[in-house]
Amino acid sequence: MLNKLLIIITVQKIAFDRLIFLFNLTIIFTFSLLPICLPATALLRQHHETPNVLRYHAQDSLKDRDGNTWQVVLFPDNSQSVTTTYYLRLVGFPGVNSFIHPQSLEILTSQGKIFSATDAYAQSAPAANVGQYDLTSVIPQLPAKGSLKLAVPLQDNRELAVKIPDEVLEEWQLLTQEIEVNNKGSTQGLSIDFES
């Protein structure tokens, strides 16, 4: 009788241990998928260009197809003329990725259209891991919905391939629309002048 009781307890302990193992495996699997499943968070940010002028830009942290994280920043610049120029800056981790300058940025829409943006750092870049591209002529042609794929050659026969999700594309459109609305009456772009 005692042997039967020990066998039943042992079988129940083995079954309980297996259940705990499967539960832990499920938790690990679920949390490992979170970085893949969660959408990128789109956010308009502000910074002081000068002590009295506040500017806005779109900045997102996105992973390329190799799993490397990139800062993707769309920002306006009207310091050289009355019209606004839109630049897209891509910043990778130093020492991991290096741009080849000059190289155009290729932009592929989810509808299959291909655009090209010129390298703003064709002459010199502030660092090897920084690329900047003039998107002024491309922005008005981008679709209202969908995603984009950015591609540009890197050193060591590699290519940067980053997907721009729909949320980020909508953020870019919000930024450019607000700037264009504010530009109709001002040459300051989307800014808040604290001295006014």
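The values are calculated or read from the model by the stated rules, or taken from the named source; none is laboratory data. None of the values given here were measured: they were computed from a predicted structure. All Cβ positions, glycine included, derive from the backbone under ideal geometry; neighbour counts span all protein chains shown.
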Among the residues of the range 84-104, are any part of a loop (DSSP other than H, G, I, E, B), hydroxyl-bearing (Ser, Thr, Tyr) and more than 26 Å from residue 181 (Cα to Cα)? yes
State whether one or more residues within the range 25-37 are in contact with a strand residue (DSSP E or B) (Cβ under 9 Å, 6 or more places away or on another chain) and either at pLDDT 75 or above or exposed (fewer than 10 other Cβ atoms within 10 Å of the Cβ) (or both). yes
Could you tell me how many of the residues in the range 38-64 are under 28 Å from residue 98 (Cβ atoms), at pLDDT 65 or above and touching a Lys or Arg at 6+ places or on another chain (Cβ under 8 Å)? 4
Please verify whether residue 109 is closer than 19 Å to residue 83 by Cα, surrounded by 16 or more Cβ atoms within 10 Å (Cβ to Cβ) and of a type in the set (Val, Ile, Thr), treating the condition exactly as stated. no
Is there any pair with a first residue in the range 129-150 that is of a type in the set (Phe, Trp, Tyr) and a second that is not in a loop (DSSP other than H, G, I, E, B) whose Cβ atoms are under 6 Å apart and which are 6 or more apart or on different chains, and what are they? 133/88; 133/105; 133/117
Taking the stated definitions as given, is residue 98 farther than 13 Å from residue 72 by Cα, buried (at least 18 other Cβ atoms within 10 Å of the Cβ), touching a residue at least 40 places away in the same chain (Cβ under 8 Å) and assigned by TED's automatic domain parsing to the domain that holds residue 72? yes
Based on what the data block shows, is residue 134 acidic (Asp, Glu), crowded, with 17+ Cβ neighbours inside 10 Å and either modelled with pLDDT under 95 or not assigned by TED's automatic domain parsing to the domain that holds residue 173 (or both)? no
For the subset of the range 65-86 comprising residues that are at pLDDT 90 or above and surrounded by fewer than 18 Cβ atoms within 10 Å (Cβ to Cβ), which member is farthest from the chain's Cα centre (by Cα)? 85
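Would you pick out the residues in the range 155-171 that are surrounded by fewer than 16 Cβ atoms within 10 Å (Cβ to Cβ), of a type outside the set (Asp, Glu) and on the phi < 0 side of the Ramachandran plot?
Applying the first criterion (surrounded by fewer than 16 Cβ atoms within 10 Å (Cβ to Cβ)) to the range 155-171 yields 155-159, 161, 167, 170.
Adding the requirement that they be of a type outside the set (Asp, Glu) leaves 155, 157-158, 161.
Residues satisfying the conditions are 155, 158, 161.
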